[in-house]
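Data block below; observations after.
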Amino acid sequence: MVDSVTRAPRFRFAPSPTGFFHVGGARTALHNWALAQRLGGTFVLRIEDTDEARNRPEWTQGIIDALAWIGISDEDPHFEGPHFQSEFANAHVAAAEQLYESGHAYYCDLSGEEVQQRAKDLGVTGYDGYSRDRGLGPGPGRVLRFRVPDGTTVVDDLVRGEVTFDNSTIEDFVLLRGNGTPVFILANVVDDIEMEISNVVRAEEHLPNTPKQQMLFEALGHEPPAWAHVPVLVNEQRKKLSKRRDKVAIEQYRDEGYLADAMVNYLMTLGWTLPGAEESGSEIAPWSEMAQAFRLEDVTHSPAFFDLQKLAAFNGDYIRSMPLDEFVAAASADLPPDWNRARFAEIAPHIQQRLVTMRDVPGTVDFLFLPDGAEIEYDEKSWDKAMKPDWAVALLRDVRGAYAALDAWDAAALKESIEATMATYEIKLGKAQAPVRVAVTGRSVGPPLFEAIEVLGRDEALRRIDLALGHLE
RNA sequence: GCCCCCAUCGUCUAGUGGCCUAGGACACCACCCUUUCAAGGUGGCGGCACGGGUUCGAAUCCCGUUGGGGGUGCCA
């Protein structure tokens, strides 16, 4: 029995630290994670550390934190790492030497400008293989280039099937720079070999580089990993999501009150559908279910638009399905410290089903937490519209009187009371509540009125109605 | 320029030659419910890029066109 057949698969996730974690990267991480969990394999985190990143350890930590947020925890037995590309620096150079000695690579003393000049003169694109047979040895300023063999390279991709590249379209690419340091493509392949990576699942933008890497694996005497290239995420212009134009930092969504579960669920629907989603009439499903069902063969081939509206819809759905105590706890964490938590807990069930993000919470209930004796800030449009009817002032007065005389102070009694009052004006509750709502909350929209007034308490409610009445005179 | 990938409602997708009068989700519209706003319910609008083949039969297979994207560094 051959070892490699029975060995558990190892998936590598290799983000480059740039100070934030890209939503596209998050989705790819999720793909790798689902596969590692379902197949009993390992998710290997490898940081493609650069000089700049090395000086900023917080960047790496940011990636680890973001991964943890979407449920990829470094505490999990399926998780390995982080590893750093720099750990294998010696192996990179050793591999380059091996390639040189086996004749798979050769040195070249042409500078970048000279290569370009030759290409121009010869009317070809890129490097023309000038030093292939010049027998140059290593030396300062000389780069090591890979001797691309004749023929074709077939990349067997789990998402796309076989992709064939004509080797004549691939130039003899650089392995070692003039200063002797390895370039990314070599480092990457060597890292994969060193870390015994069996599966590479990454974004489609890497597909054109894959034949080069595959040739490197072969020249180094190793089986290439199983490749899988998933489609990229795009913006409304159908361009690959970029930091400059688009909101791509996953940390930002976290800070804006999106729930990790909603984000994970939405990300997974891009390019893939959970079998059975159509029958159930919903794309909302727990991670455990998606991880068990995820298959690379089922991933779509075309780019997907990252749709904020749909994310928002998912988020609202997830907020609504939270157990009340969990919702209260989560929401309370981000409330101003001086807001009464018990009071918030009373109104919480009435706002939970009206939210898009958790960040909307304070703005929805802030009218309940005004300092003692504070003025009410009225929304101008709301005020004008609510107080315009000729019956508005009289009704407000009547309601004030009725509320002052009320025995029981609860939502039901509050509602009955206003219903009795409005009957004399022959208007419906929908209209009658408007002046009261604006007087008490300052706005025309918000949580259910009578529940809010109950929470507010009689003294404060009456004070606010008096305040409004005062403005109306 | 060259190479590679892609192409179903506005968006994300189901669909692997007959089950398709092309299904679902988000968005949008209408109605119902209703204490504002949501949520929920019901219904509606809306798509196989185009042209050739192959086949008894094509959204599905082949070729071409067009359109989009990505890659082409001594960046990662």
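The values are calculated or read from the model by the stated rules, or taken from the named source; none is laboratory data. None of the values given here were measured: they were computed from a predicted structure. Note: ideal-geometry Cβ built from the backbone for every residue, glycine included; neighbour counts use all protein chains shown.
Of these, A:Thr169, A:Thr153, A:Thr210, which one is modelled with pLDDT under 95 and within 12 Å of RNA strand B (Cβ to nearest atom)? Don't jump to the end; show me each part of the working.
Working: A:Thr153 fails: modelled with pLDDT under 95; A:Thr210 fails: modelled with pLDDT under 95.
Exactly one residue qualifies, and that residue is A:Thr169.
State whether one or more residues within the range A:127-144 are within 30 Å of A:His22 (Cβ to Cβ) and either of a type in the set (Gly, Ala, Ser) or in contact (Cβ under 8 Å) with a residue 60 or more places away in the chain (or both). No; the residues of the range A:127-144 include none that is within 30 Å of A:His22 (Cβ to Cβ) and either of a type in the set (Gly, Ala, Ser) or in contact (Cβ under 8 Å) with a residue 60 or more places away in the chain (or both). For the range A:15-62, what are the residues that are surrounded by 19 or more Cβ atoms within 10 Å (Cβ to Cβ), without any contact (Cβ under 8 Å) to a residue 40 or more places away in the chain and not small (Gly, Ala, Ser)? Those that are surrounded by 19 or more Cβ atoms within 10 Å (Cβ to Cβ), without any contact (Cβ under 8 Å) to a residue 40 or more places away in the chain and not small (Gly, Ala, Ser): A:Thr42, A:Phe43, A:Leu45, A:Ile47, A:Asp49.
When A:Met358 is tested against (1) closer than 24 Å to A:Ile453 by Cβ; (2) surrounded by 15 or more Cβ atoms within 10 Å (Cβ to Cβ); (3) in contact (Cβ under 8 Å) with a residue 24 or more places away in the chain, just one condition goes unmet, and that condition is (1). The single condition among (1) closer than 30 Å to A:Gly316 by Cβ; (2) in a loop (DSSP other than H, G, I, E, B); (3) among the acidic types (Asp, Glu); (4) modelled with pLDDT of 95 or more that A:Glu236 does not satisfy is (4).
Mind telling me which of the residues A:Val445, A:Val399 ends up being assigned to a helix (DSSP H, G or I) and either under 44 Å from the mean Cα position of the chain (by Cα) or modelled with pLDDT of 95 or more (or both)? So that I can check it myself, show each step before the final result.
Working: A:Val445 fails: assigned to a helix (DSSP H, G or I).
Result: A:Val399 is the single residue among A:Val445, A:Val399 that is assigned to a helix (DSSP H, G or I) and either under 44 Å from the mean Cα position of the chain (by Cα) or modelled with pLDDT of 95 or more (or both).
When you check A:Pro349 against the structure, is it surrounded by fewer than 16 Cβ atoms within 10 Å (Cβ to Cβ) and at pLDDT 95 or above, yes or no?
Details: surrounded by fewer than 16 Cβ atoms within 10 Å (Cβ to Cβ): yes; at pLDDT 95 or above: yes.
Yes, satisfied.
Select from the range A:247-279 the residues that are touching a residue at least 24 places away in the same chain (Cβ under 8 Å), part of a loop (DSSP other than H, G, I, E, B) and within 11 Å of RNA strand B (Cβ to nearest atom) and list them in ascending order. Matches in the range A:247-279: A:Leu270, A:Gly271, A:Trp272, A:Thr273. All of A:Ala249, A:Ala219 fail the test of being small (Gly, Ala, Ser) and out of contact with any His (no Cβ under 6 Å at 6 or more places or on another chain), apart from A:Ala249. For A:Glu236, indicate whether it is surrounded by fewer than 18 Cβ atoms within 10 Å (Cβ to Cβ), touching a residue at least 40 places away in the same chain (Cβ under 8 Å) and within 12 Å of RNA strand B (Cβ to nearest atom). Criteria met by A:Glu236. Among the residues making up the range A:405-424, those that are surrounded by fewer than 16 Cβ atoms within 10 Å (Cβ to Cβ) and in contact (Cβ under 8 Å) with a residue 24 or more places away in the chain are A:Leu406, A:Trp409, A:Asp410, A:Ala412, A:Thr424. In the set A:Leu207, A:Leu144, A:Leu186, only one residue is outside any helix (DSSP H, G or I) and surrounded by 14 or more Cβ atoms within 10 Å (Cβ to Cβ); that residue is A:Leu144.
Which one is farthest from RNA strand B (Cβ to nearest atom) among residues in the range A:63-75 that are touching a Phe, Trp or Tyr at 6+ places or on another chain (Cβ under 7 Å) and without any contact (Cβ under 8 Å) to a residue 60 or more places away in the chain? For the range A:63-75, the residue satisfying everything is A:Ser73. Restricting the range A:290-321 to residues that are part of a loop (DSSP other than H, G, I, E, B) and touching a residue at least 40 places away in the same chain (Cβ under 8 Å), which is farthest from RNA strand B (Cβ to nearest atom)? Only one residue tops the list, namely A:Phe294.
Quick one: is A:Asp192 more than 9 Å from RNA strand B (Cβ to nearest atom), in contact (Cβ under 8 Å) with a residue 24 or more places away in the chain, in a helix (DSSP H, G or I) and surrounded by 14 or more Cβ atoms within 10 Å (Cβ to Cβ)? Yes, satisfied.
Scan the range A:106-123 and give yes if some residue there is within 9 Å of RNA strand B (Cβ to nearest atom), touching a strand residue (DSSP E or B) at 6+ places or on another chain (Cβ under 9 Å) and among the aliphatic types (A, V, I, L, M), otherwise no. Yes - at least one qualifying residue is present in the range A:106-123.
Against the condition in contact (Cβ under 8 Å) with a residue 12 or more places away in the chain, within 6 Å of RNA strand B (Cβ to nearest atom), out of contact with any helix residue (DSSP H, G or I) (no Cβ under 6 Å at 6 or more places or on another chain) and of a type outside the set (A, V, I, L, M, F, W, C), how does A:Ser282 come out, does it pass? Talk me through it step by step, then tell me what you get.
Values: in contact (Cβ under 8 Å) with a residue 12 or more places away in the chain: no; within 6 Å of RNA strand B (Cβ to nearest atom): yes; out of contact with any helix residue (DSSP H, G or I) (no Cβ under 6 Å at 6 or more places or on another chain): yes; of a type outside the set (A, V, I, L, M, F, W, C): yes.
No, not satisfied.
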